[in-house]
Amino acid sequence: MKHLINRRQFLLRQPAFPEVSPTDPFYYDMALRLSSAIISGRLLEGWPEVVLGRLVIGLTGYLQDLLTDAGLWRTFLEKHRAMYGRWLPFYATSDDYIPHELNREDVRFLVWYTLAMNFEERRVWNPLDPEIHRAADALYDVLDAVYDDPDAPMPEEYHFWKGLEPGLREEADEVFRFGHWLFMHSYLMTPAYAMTLAELMQDPRLKGGEDLELLRETLENSMMEDPTGPLALYLHEWVYLILEGKMPPEPRKRASGEEGAEEADHKYYSLFVKATGGSPIAFFRTYEELNRFFITALGWGEGENLPALKDASDFVLLVNRKKGMLCAKYVGRMLRFPDNPCYDPDFARAHGIDLLTMRGLCPGDLLQYAMDHGAIPECAFPGSDDTRLVADNADFIARCYLQKYYRGD
């Protein structure tokens, strides 16, 4: 039978690579069983083989993580629960659910997450699609057979980071090695990084992959600067959570009176709220209305300000006392604020999910402000009218899909 992966693809994602672990043959065989279940069961038809191969390897990594209590899945569950008050996004957990062990609900989430993050054409995929349940239940049975097998060998390579302390200089190389694997190859972090990686590779200097040093430098900078994983945490946050069970220390805050401790209000803030009667947000159907506000409220010069926006519409301005002002185009029709003349409920129902899933459409601060004020109530996944599913998981969805475009702090 033709399979969705080969041995080298499997080994590349293992923590010990390029070394070969004694347990690799066992778990490669299990990955092939997952592959066989997909092919023979005619599961997930229409998805590219390369994407299904990533799912097979990812679910294998998930089981290896569970068997050794390596900490990746445990950390995700605990952090998600701390942030949102429940174990998983989207999926209600049954009475049989046991955190940190093998669960059907967990496999359903991983099927959705791995596939949606890796295939642009079906990226915005309803997590409650019956196709997910059918596939996840069949793949769960393969995983469960190994999970309950007393003779299943422990993948000890998933322990190489045990005992590391991220703050110790003498362990810096091993911590970096762990972080690199976590970011670039682990089943939990890597799917969410797929689009960020695709964006990086659009750099003309990287086309063709000939400048290996530039590629390495670009990837390492991204690893240190960009959030990743389903919760869009930064690498140092994931590392601290996995190794120490807590977030990294906060940077020291400047004491009152210390140089740089106090920041004055941004110069546009008082002018903006004075013009709007105290509101930090304003809406404009046309460029002409927007430009008039720039001139009359903010004191910008007569003539065309920000002329690159001339052909756009449905603008939103948001001002922050410290950060200043941001301008978004084309999003006014999707935000239900009482004083928003651009709002179009039919358009919002059809396209509101784009706010949470389309990178660069809506600035992160504006999206957060809209969610805090209940301004995106019509959002639903394509093919569904379940707005409650999106409302209950809006912050998670934005983190998972938008990554640095939402959590670019």
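The values are calculated or read from the model by the stated rules, or taken from the named source; none is laboratory data. Predicted model only: the values in this text are computed from it and were never measured. Ideal geometry is used to build each Cβ from the backbone, glycine not excepted, and the neighbour counts take in all protein chains shown. To get the accessible areas, we keep the full protein, side chains included, count just its heavy atoms, and leave off ligands, DNA and RNA. Shrake-Rupley method; radii C 1.70, N 1.55, O 1.52, S 1.80 Å.
Checking each residue in segment 154-164 for being outside any helix (DSSP H, G or I) and either within 26 Å of the chain's Cα centre (by Cα) or surrounded by 15 or more Cβ atoms within 10 Å (Cβ to Cβ) (or both) picks out Pro155, Phe160, Trp161, Lys162, Leu164. One residue stands out among those in segment 142-161 that are charged (D, E, K, R) and without any contact (Cβ under 8 Å) to a residue 40 or more places away in the chain: the one that is farthest from Val107 (Cα to Cα), which is Asp151. Against the criterion of being touching a Ser or Thr at 6+ places or on another chain (Cβ under 9 Å) and either under 21 Å from Leu128 (Cα atoms) or open to solvent by 60 Å² or more (accessible area, probe 1.4 Å) (or both), Trp47 does not qualify.
Please find, among Thr60, Thr75, the residue that is open to solvent by less than 70 Å² (accessible area, probe 1.4 Å), over 17 Å from Ala136 (Cβ atoms), of a type in the set (Val, Ile, Thr) and outside any loop (DSSP other than H, G, I, E, B). Every option except Thr75 fails the conditions. Here Thr296 does not qualify as polar (S, T, N, Q), touching a strand residue (DSSP E or B) at 6+ places or on another chain (Cβ under 6 Å) and at pLDDT 90 or above. Checking the structure you have, find out if any residue of segment 90-101 is open to solvent by less than 60 Å² (accessible area, probe 1.4 Å) and within 25 Å of Tyr28 (Cα to Cα). Yes: one or more hits.
Here's the yes/no breakdown for (1) open to solvent by less than 40 Å² (accessible area, probe 1.4 Å); (2) under 21 Å from Ile281 (Cα atoms); (3) among the polar types (S, T, N, Q):
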{"site": "Thr357", "(1), (2), (3)": "yes, no, yes"}
{"site": "Leu366", "(1), (2), (3)": "yes, yes, no"}
{"site": "Gly374", "(1), (2), (3)": "no, yes, no"}
{"site": "Thr387", "(1), (2), (3)": "no, no, yes"}
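Within segment 165-176, being assigned to a helix (DSSP H, G or I) and open to solvent by 30 Å² or more (accessible area, probe 1.4 Å) holds for Arg169, Glu170, Glu171, Ala172, Asp173, Glu174, Phe176. Residues that are closer than 19 Å to Leu110 by Cα, open to solvent by less than 30 Å² (accessible area, probe 1.4 Å) and not polar (S, T, N, Q) within segment 23-44 comprise Tyr27, Met30, Ala31, Leu34, Ala37, Ile38, Gly41, Leu43, Leu44, listed in sequence order.
For segment 177-198, the criterion of a residue being over 30 Å from Gly46 (Cβ atoms) and open to solvent by 40 Å² or more (accessible area, probe 1.4 Å) is satisfied by at least one position. Cβ-Cβ contacts under 8 Å between residues 6 or more apart (or on different chains), taken from a first residue in segment 305-327 that is over 13 Å from His266 (Cβ atoms) to a second residue that is in a helix (DSSP H, G or I) and among the β-branched types (Val, Ile, Thr), are listed as Asn305/Ile295. Note on segment 21-57: among residues that are aromatic (Phe, Trp, Tyr) and in a helix (DSSP H, G or I), the one that is farthest from Trp112 (Cα to Cα) is Phe26. Which of the residues that make up segment 24-51 are touching an Asp or Glu at 6+ places or on another chain (Cβ under 8 Å) and either modelled with pLDDT under 95 or of a type in the set (Phe, Trp, Tyr) (or both)? Answer for segment 24-51, where residues must be touching an Asp or Glu at 6+ places or on another chain (Cβ under 8 Å) and either modelled with pLDDT under 95 or of a type in the set (Phe, Trp, Tyr) (or both): there is none. Here is a check on your reading of the model: is Thr228 β-branched (Val, Ile, Thr), open to solvent by 20 Å² or more (accessible area, probe 1.4 Å) and either within 14 Å of the chain's Cα centre (by Cα) or modelled with pLDDT of 95 or more (or both)? In short, no. Give me the pairs: first residue in segment 382-395 and more than 18 Å from Ala370 (Cβ to Cβ) and outside any helix (DSSP H, G or I), second residue open to solvent by 60 Å² or more (accessible area, probe 1.4 Å) and aliphatic (A, V, I, L, M), beta-carbon distance under 8 Å, and six or more apart or on different chains, which are they? Once the first residue is more than 18 Å from Ala370 (Cβ to Cβ) and outside any helix (DSSP H, G or I) and sits in segment 382-395, its partners that are open to solvent by 60 Å² or more (accessible area, probe 1.4 Å) and aliphatic (A, V, I, L, M) give Ser384/Leu128; Asp386/Leu128. Taking segment 113-149 as the range and being under 18 Å from the mean Cα position of the chain (by Cα) and not hydrophobic (A, V, I, L, M, F, W, C) as the test, the residues that pass are Tyr113, Thr114, Asn118, Glu120, Glu121, Arg122, Arg123, Asn126, Pro127.
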